Amino acid sequence: MILDYLKAGYPALCVVTSEPHRAENIIRCPGWKFFTWDCLTGIRETSTLKAIEEIRDPVEAIRWLERLPDSVLVTLNLHLFMEIPEVIQGIQNGVPKWKSIGSSLIMLTPVLNLRPEIEKLFTVMDLPLPNDGELYDLQCDIAKHCHIKPNRKAARAAKGLTELEAEAAYALSAVQKGFFSTKVVSHAKAQILRKSGLLEFWEPTSIKELGGLDELKMFVRNRTKAFTPDNDSLPKPKAILLVGVPGTGKSLSSKATASLLGWPLIRLDISALKNSLVGESERRMREALKVIDAFGQAVVWVDEVDKAFAGVGSNTDSGTSAGMFGTFLTWMQETQSPVLVMATANNISQLPPEFLRAGRFDATFFVDMPSKPERQEIIRIMNKRYGAEIPLEFADNLSGWTGAEIEQLAKDSLFDGLDKAYAAIVPLSRTMREEINALREWARTRARFANTPDGEPEESRKVRTAQRIKLPGPSNPILN
């Protein structure tokens with residue numbers, strides 16, 4: 001990892017990682033003597049852990065390296081002492097000496113926060129999290145001791161965990177299930193989100209709970225093959241935008257997509273990331289996206305994105321929304337993580353044009369009011385969920401009703417009876433008729449339709465048939 005830098009004589013390196021002990025093993029390379037310092041143990045040999053010097057003072061540890069040629073001193077948590085002037089001065093004085101004797105100082109830190117006095121002296125690099133192969137090898141080591149068969153799928157599910165977290169998840173799975181469970185590993189990954197405080201982990205919804213929208217379901221099913229491990233040719237979808245009337249199942253579709261793919265569901269609440277301090281909102285957005293990248297395969301649900309970025313075109317929030325919007329767009333374009341963004345919007349006119357440009361989303365779906373077959377399917381789901389008894393024929397009375405309104409009808413019918421509950425609900429198609437028609441007109445040439453269409457009638461008009469009448473000939477007296 002750092003061999004080329006040491007050969008080139010780099011005197012100060014900064015490795016950003018939350019796994020210092022794993023980093024100690026990875027960065028060792030032949031040709032240099034490696035030592036590790038921390039403020040409790042002092043200086044020890046990195047490979048043998050043997051104590052060399054009881055130097056706990058960071059300034060003395062930095063000066064100690066000046067006496068050893070062709071050596072590397074790996075420091076743990078040195079960033080906590082960067083407010084001490086003597087530490088800054090010690091690094092500044094040490095850099096030319098380390099360079100002259102072929103030695104180097106490596107600072108392991110979980111956060112990059114170098115003082116301006118020394119930031120030009122350090123070369124910064126990131127230690128990547130364990131890859132699929134390393135996670136599988138770790139699982140095999142545990143499997144030998146537990147006499148359990150390794151599971152590559154569980155190893156892939158552990159992507160985004162540190163080595164310590166993956167080991168703990170494997171061990172917990174072995175204890176609870178007796179095998180390496182993908183579900184247990186996924187629950188361990190949910191801890192990443194809880195610890196970050198920036199994202200929410202949601203349980204996916206079964207695809208059976210989503211009534212209708214067969215075109216959207218077919219689109220997602222056809223693209224699941226792109227996410228298989230052996231796929232080397234098919235492009236992986238990155239994002240889907242769902243536009244439509246409130247209550248038509250856009251959010252539920254996002255949850256069902258996670259179930260269809262067998263992936264965890266992460267909710268990115270952009271409004272919750274906003275902070276009153278200057279630059280803090282943009283930093284929180286970057287941190288949240290970094291956690292998503294580390295998480296691995298996941299469906300990222302961004303609900304009501306039109307409201308989250310409503311202030312992009314104005315200066316009402318001092319450019320905070322615009323900064324977060326730019327960060328989000330760049331991440332969507334450049335991320336290499338196997339994630340699928342599911343964004344929902346009610347009012348398409350509030351979204352900036354650059355958000356809707358070609359190539360930003362793999363598909364934009366318009367989710368309309370459910371058709372009659374879809375309303376019947378929704379009635380079946382709600383009857384089963386709540387124990388209601390809405391007859392399927394009642395779907396004829398629910399034209400223009402959303403799925404959420406049909407669900408409310410099912411719940412209210414348990415208390416008030418079907419007829420009274422039906423009379424009490426005023427559907428959105430009546431109160432927002434103009435807005436819905438405008439949205440349909442926009443979608444006609446700009447989006448795919450997610451709904452199953454109503455069955456076409458056999459004849460567009462009634463044609464009456466009559467007996468053929470024989471026309472009179474020349475001998476007919478009528479013509480004479």
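Placing +1 on each Lys and Arg Cβ and -1 on each Asp and Glu Cβ, with no other charges, gives the chain a dipole about its Cα centre of roughly 1360 debye.
Cβ-Cβ distance of Ile101 and Lys290, R₀ of 51 Å, FRET efficiency by 1/(1 + (r/R0)^6): the value works out to about 0.85. Rounded to 0.05, the FRET efficiency of the Lys149 and Ser196 pair, given R0 = 30 Å and the Cβ-Cβ distance, is 0.35. Placing +1 on each Lys and Arg Cβ and -1 on each Asp and Glu Cβ, with no other charges, gives the stretch 9-135 a dipole about its Cα centre of roughly 360 debye. Compared with the direct C-alpha span, the chain from Glu45 to Thr182 gains 45.5 nm at full extension, assuming 0.36 nm per residue. For the stretch 110-115, putting each phi into the Karplus relation 6.51 cos²θ - 1.76 cosθ + 1.60 with θ = phi - 60° gives couplings of x, 10, 8, 8, 7, 5 Hz, in residue order, rounded to whole numbers and with x for Gly and Pro.
To the nearest 10 degrees, how steep is helix 433-446 against the longest Cα principal axis of the chain, on a 0 to 90 scale? Tilt relative to the chain: about 70 degrees.
Rounded, prolate or oblate: which one fits the stretch 332-375, using the alpha carbon gyration tensor with axes a ≥ b ≥ c (rounded when a/c is under 1.5, else prolate when a/b beats b/c, else oblate)? Taking the square roots of the gyration eigenvalues as a ≥ b ≥ c, the stretch 332-375 is oblate. Compute the angle between helix 403-416 and the longest alpha-carbon principal axis of the chain, please, reported from 0 to 90 degrees and rounded to the nearest 10. The angle comes out near 70 degrees. Extension gain, Lys307-Phe227: 0.36 nm per intervening residue step, less the Cα-Cα distance, totals 25.7 nm. Going through (1) 269; (2) 173; (3) 155, the figure that equals volume of the Cα convex hull per residue in Å³ as computed for the structure here is (1). Placing a label point 7 Å from the Cα of Asn131 along the Cα-to-Cβ direction, the residues of the stretch 1-23 whose backbone N falls under 14 Å of that point are 1.
If r is the Cβ-Cβ distance from Arg380 to His21 and R0 is 51 Å, what FRET efficiency results, to the nearest 0.05? Taking R0 as 51 Å, the efficiency between Arg380 and His21 is 0.40. On full extension, the segment bounded by Lys372 and Asn437 gains 21.5 nm, given 0.36 nm per residue less the C-alpha separation. In this structure the amide hydrogen of Cys14, modeled in the peptide plane, comes within under 5 Å of the amide hydrogens of Met107, Thr123, Val124, Met125, none closer than 5 places in sequence on its chain. When the pairs Lys217/Lys307; Lys208/Lys372; Lys208/Lys255; Lys250/Lys420; Lys7/Lys97; Lys159/Lys236 are compared against a 20 Å limit on Cα-Cα distance, Lys217/Lys307; Lys250/Lys420 fall above it.
Our helix-only sum for the chain, with -39,500 (n - 2.57) per DSSP H run of n ≥ 4 divided by its residues, gives a mean residue ellipticity at 222 nm of -12500 deg cm²/dmol.
Values quoted throughout were computed directly from the atomic coordinates according to the rules given, and no laboratory measurement underlies them. Keep in mind it's a predicted model, so treat the numbers as computed, not measured. Here Cβ is always computed from backbone atoms with ideal geometry, including for glycine, and neighbour counts include all displayed protein chains.
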